[in-house]
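To start, the structure itself, in structure tokens.
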Amino acid sequence: MDEVDVVDGVRGLDRRLLSALHARGADPRVATAARGLSWVGEHGTLWLAAALAAAAVDRGRRGVWLRGTALTAAAHLTSTGVKRVVRRPRPAHVEPLVRTAGRHSFPSSHASSATAAVAVLAYGAPGTPLVLRAAAPLAVAMCLSRLVVGVHYPSDVAAGVALGALTARLGARWVVSGHG
């Protein structure tokens, strides 16, 4: 098996998985939930707003929350930059259920910001297990929503998750202590 066969196999799997998950959007309840998650996740809005709200309420850890906000924004901006370099077109074989801010799909910025936000909670804000228990499933749902609405391939979402996790891991010490 040569490299071309492997790449073609991965592309085929990506398309089949996307088609299967996108088909779940035929259920109006699933489509509505996926659209809502896509909307609140645009530009990392949900995660940034939640962290800023936490900074306003939790004065003792305000700096941690603000640095976590900055790190989540950095993950989003980094994924946007990677999109401009890679320039992978969005899936054309399924009808999208939402409009998108851009034409490129790799990596998923929704997945990058969602993963970074949850990882910041795990690495940078220990002592918030209730928040983490609520945020982690929400982040997973947001990642899956991008497939249900048909605007990303699974590999786009996986790359976004990896980028968000890496960004959070690299900045974890800074988030906690304010020092790199």
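The values are calculated or read from the model by the stated rules, or taken from the named source; none is laboratory data. Treat the numbers as computed from the prediction; the structure is a model and nothing was measured. When we count neighbours, we look across all protein chains shown, and the Cβ atoms used for this are built from the backbone with ideal geometry, even at glycine. Protein only, heavy atoms only, side chains kept; ligands, DNA and RNA dropped before computing areas. Shrake-Rupley method; radii C 1.70, N 1.55, O 1.52, S 1.80 Å.
Just one of (1) over 18 Å from SER145 (Cβ atoms); (2) assigned to a helix (DSSP H, G or I); (3) without any contact (Cβ under 8 Å) to a residue 40 or more places away in the chain trips up THR45, so point out which.
Going through the list (1) over 18 Å from SER145 (Cβ atoms); (2) assigned to a helix (DSSP H, G or I); (3) without any contact (Cβ under 8 Å) to a residue 40 or more places away in the chain, THR45 breaks only (1).
Which ones in the range 169-180 are open to solvent by 30 Å² or more (accessible area, probe 1.4 Å) and either in contact with a strand residue (DSSP E or B) (Cβ under 6 Å, 6 or more places away or on another chain) or at pLDDT 85 or above (or both)?
ARG169, LEU170
How do the pairs read when you match residues in the range 89-113 that are touching a residue at least 60 places away in the same chain (Cβ under 8 Å) with residues anywhere that are open to solvent by 40 Å² or more (accessible area, probe 1.4 Å) and part of a loop (DSSP other than H, G, I, E, B), using Cβ under 7 Å and keeping only pairs 6 or more apart or on different chains?
Close Cβ pairs satisfying both conditions: ARG90/THR100; ARG90/ARG103.
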